[in-house]
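Trainee: Before I ask anything, let me first share the structure, which is written out below as structure tokens.
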Amino acid sequence: MSPKSRGRKRKPDRSGPTRRAPRRRDDEGKLVTLLGGQVLEAGADPLEAELALAANLGELLAAPWGEEDADAPWGGLVETCARLATPEALAVALVLAELLPQPELRDRAARVAAELEATLPPPPWSETLGTARLVRCLQAADVFGDQASLLLEFDRVAPVGRHGLMVQLDFNGPGVWTESAFLVEDVTEARARLHEHAAASNGITEVEEVSPGRAHDLAAAGLARALAMQREDVAWRGPDEDFWSTWPIVAARLRTFGGDGDADAPAVPAAEIGALVEEFLGAPEARRLAADREAVRDWAEEFARAGNQCGGRPLRVGPGLTELLVRRHAAELDPEQLDAFGLALMGWNDWAARRLGLPTYAVDVLLEATDRLLSVAPGLASEDGPWPEEDWGDELGDEPEDLWDATHIPGTVPPDTEAERRRFAMPCREATIDGERFTDLDPADQDDLMLLIVGEQPRAYQRVLNDPVSDELVDGVNPRLRVALLQVVITRLWNDEPPETWHEARRMMADGMRRREILEALAAPVAEEIWRAMQRREAED
């Protein structure tokens, strides 16, 4: 798996993690009728009914309800189903009995559904609802231990057949965290894509079958932590939108099979960490460091503790864990301390990766990612608070660092999902232009997207763009034309229209191209399209 950064996280002084606001309705009867109409339109497949309700259920239960409102808003909704006694109410009660996370509420919904079924005809999908059973668990994980994708395959009573759930996990916790979860309709194609991704990763991604117990433990632990929305030392944005509309189905499927109870490996004893640090200090990777030996020792102990905390593996190293360490410490250190930190981190990653026997290409990728992360740290060390959300470029010279390229492994291709496509298209949600900071920008809005694109451009470009009458070229490039072409390309990627744009971008990723290079390559045919259109218009005139 590509150890991408999953978050230029929101700063702590904001209103906490990003969550979609709950939709509050005064008339629960209208809500039952509305939701019931949606689930009744699902046809014979209960999965469609589950999806229709899960999108609302996941969003509302993600709201910050207080302890005294533990049942809100769905406890009252179950009672409303009983009161209405309509086909829509029966449909909603049936799905709530399957998806609600609280067992007491599920039992209440099941009782209501049983009472309504005595007088109302059940939906066509009712007999196959709740029949999903796990048949296979496949895991695609990077060799660093940073990230993994779990493909859980389920079979159901005929004629509805199989479906899958993809759960994307991050292990730079402490513990495991779910970053995304989404439905997979064609499990055969999903398996093939995981294997294709592994084959194109030069040994960085490995695919294997895992036991149901192991899969359950990982998915359940990741789900619990994602819903808790807390993460040590990092202001975490939280899971993506796919997660919020899918997690009730994930939770329901996990209830159909058990786990082993050991998602989080126990930490190794401190004495073992001390022995590993001493071994590192005697290795060439440490002896050649131009840094104080005691400082190197202290940092090595910190790095080993971080790996130990993330799965009981003190030698674990990876771009994701490296990013977490840089985020955690960059703002605390003066320039001299930061230099010692960087030298120790590079030496530790080099030594630990080779001691673990990681593939040569993986070691090279790790060291390159470490170097890139350390290169942006000096400009951020003097700032107050943690790493800024999406603004690596403010202090980094004339051209901002590309957020995608900062931690993406060259030559690897991310999963073919909407979340990854949009993260590649525009990873930022903030822009700094001529010293002015614009926050909470939406790439789906064309005005916001323009600001985000301008914020990614070198300062020389921004100076020209800030002058509405300037036609100045910068190194032979027209900044206005460049931004206009990039806006077309990024909009196509964001909307997946046409899908060939994303397919071509993924092909170029596999060839080792960086995000800026890919966007510029995709912009070239757009310029040709515009030129041909202008030629046709002139001919018509």
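Trainee: Simple spin-label model, 7 Å along Cα-to-Cβ: residue 272 to residue 484 in nm?
Mentor: 6.2 nm
Trainee: Continuing with the same structure: Say each of residue 85 and residue 133 gets a label point 7 Å from the Cα, pointing the same way as Cα to Cβ; how far apart are those two points in nm?
Mentor: For residue 85 paired with residue 133, the spin-label model returns 3.7 nm.
Trainee: About its Cα centre, what dipole magnitude does segment 270-376 give when the only charges are +1 on Lys and Arg Cβ and -1 on Asp and Glu Cβ, stated in debye to the nearest 20?
Mentor: Working: 12 positive and 18 negative charges, 81 e Å.
Roughly 380 debye, rounded to the nearest 20.
Trainee: Here is a follow-up. Under the classification rounded if a/c is under 1.5, otherwise prolate if a/b is larger than b/c and oblate if not, where does segment 416-540 fall, given a ≥ b ≥ c as square roots of the Cα gyration tensor eigenvalues?
Mentor: Values: a/c = 1.64, a/b = 1.05, b/c = 1.55.
It is oblate, given that a/c is not under 1.5 and a/b is not larger than b/c.
Trainee: Rounded, prolate or oblate: which fits segment 93-200 when a ≥ b ≥ c are the square roots of the eigenvalues of the alpha-carbon gyration tensor, with rounded for a/c under 1.5 and prolate only if a/b beats b/c?
Mentor: It is oblate, given that a/c is not under 1.5 and a/b is not larger than b/c.
Trainee: Something else about it: For residue 135, which sequence-distant residues (separation of 5 or more, or a different chain) have an amide H within less than 5 Å of its own amide H, given hydrogens modelled in the peptide plane?
Mentor: HN-HN under 5 Å from residue 135: 153, 154, 155.
Trainee: With only alpha-carbon atoms counted, please give the Rg and Dmax of segment 133-254, in Å.
Mentor: Gyration radius and largest Cα-Cα distance of segment 133-254: 14.2, 48 Å.
Trainee: Further question: Over segment 133-254, what is the relative contact order in whole percent, taking alpha-carbon pairs under 8 Å and six or more residues apart?
Mentor: The normalised contact order for segment 133-254 reaches 27 percent.
Trainee: Give me 360, 80 sorted ascending by neighbouring Cβ count inside 10 Å, so fewest comes first.
Mentor: 360, 80
Trainee: Rank these for me by crowding, 92, 488, 477, going from fewest to most other beta carbons within 10 Å. Before the final figure, lay out the partial values.
Mentor: On the way: 92 34, 488 16, 477 13.
Placing the least packed residue first, the sequence is 477, 488, 92.
Trainee: Determine the distance separating the Cα centre of segment 441-474 from the Cα centre of segment 491-516; give it in Å without decimals.
Mentor: 22 Å
Trainee: Would you tally the net charge around residue 504, using a Cβ to Cβ cut-off of less than 14 Å, leaving residue 504 out, and scoring K and R as +1, D and E as -1?
Mentor: Net charge around residue 504: -2.
Trainee: While we're looking at this one, here's another question. Spin-label point model (7 Å from Cα, Cβ direction): what's the residue 339 to residue 44 distance in nm?
Mentor: 7.3 nm
Trainee: Separate question: Going 7 Å from the Cα of residue 364 along its beta-carbon direction, which residues of segment 120-157 have the amide nitrogen within less than 20 Å of the resulting point?
Mentor: 142-145
Trainee: Apply 1/(1 + (r/R0)^6) to the Cβ-Cβ distance of residue 290 and residue 511, taking R0 = 35 Å, and write down the FRET efficiency to the nearest 0.05.
Mentor: 0.45
Trainee: Sort 329, 195, 216 so the one with the fewest other Cβ atoms within 10 Å of its own Cβ comes first. Present the calculation step by step, with values, prior to reporting the outcome.
Mentor: Numbers: 329 19, 195 14, 216 25.
The fewest-first ordering by Cβ neighbours comes to 195, 329, 216.
Trainee: Now a separate question. Going by a ≥ b ≥ c, the root eigenvalues of the Cα gyration tensor, does segment 270-376 fall in the rounded group (a/c under 1.5), the prolate group (a/b larger than b/c) or the oblate group?
Mentor: rounded
Trainee: Please give the length that would be gained between residue 104 and residue 209 if that part of the chain were fully extended, namely 0.36 nm times their separation in residues minus their C-alpha to C-alpha distance (nm, one decimal).
Mentor: Details: separation 105, 0.36 × 105 = 37.80 nm, distance 3.45 nm.
Using 0.36 nm per residue and subtracting the Cα-Cα distance, I get 34.4 nm.
Trainee: Now a separate question. How large is the direction-averaged shadow of the alpha-carbon convex hull of segment 88-148, in nm²?
Mentor: Mean projected area of the Cα convex hull: 6.3 nm².
Quick note: the coordinates plus some simple rules give every number you see, no bench work behind them. None of the values given here were measured: they were computed from a predicted structure. Cβ coordinates were reconstructed from backbone atoms using ideal geometry, including for glycine residues, and neighbour counts include every protein chain displayed.
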